[in-house]
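So the structure is just underneath, and the comments pick up after that.
The values are calculated or read from the model by the stated rules, or taken from the named source; none is laboratory data. Keep in mind the model is a prediction, meaning the values are calculated, not measured. Cβ placement follows ideal geometry from the backbone for every residue including glycine, while neighbour counts extend to all protein chains displayed.
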Amino acid sequence: MDKTGIILLSHGSRLPEAQVTLQKIKNMVIAGITDNFLVESAALQFNQPDLPAAIQRVVDRGVKKIIIVPLFLYMGLHMQRDIPEILARERNKYPGVSIAMTEHIGADPRLLDLIMDRVRGASS
């Protein structure tokens, strides 16, 4: 079976700690999936690989289907304009590759447990 590429897309940051956190998230995803996925990470700004470079990395490894997972809380301009524009260019560049994007993280109810864990940790 062909592998599907998963690209975890962060905003990016000038601070190196952001890349460390993104790598930890990438490692968690790798640990939690099957062999039919190839996981990469990318940053929209400030860091490498950026989204086009990450797409090229997975395409170079033979992936024909890519799913972009934006690690964004808000449906802001990056989600509405910037990322779709980049993906349109990349789809033209790789016509034989399916490139899709998931919903952003948003106000997912599963965040409640995480938030309350943090509150309990700060109040103890």
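Selection of segment 1-21 for residues being more than 19 Å from residue 87 (Cβ to Cβ), touching a residue at least 12 places away in the same chain (Cβ under 8 Å) and under 14 Å from the mean Cα position of the chain (by Cα) yields 18, 19. In segment 59-70, the residues that are crowded, with 18+ Cβ neighbours inside 10 Å form Cβ pairs under 8 Å with partners that are among the aromatic types (Phe, Trp, Tyr) and assigned to a loop (DSSP other than H, G, I, E, B), at six or more places apart or across chains, as follows: 59/94. Within segment 22-58, the residues that satisfy the criterion of being of a type in the set (Lys, Arg) and either surrounded by 12 or more Cβ atoms within 10 Å (Cβ to Cβ) or modelled with pLDDT under 95 (or both) are 26, 57.
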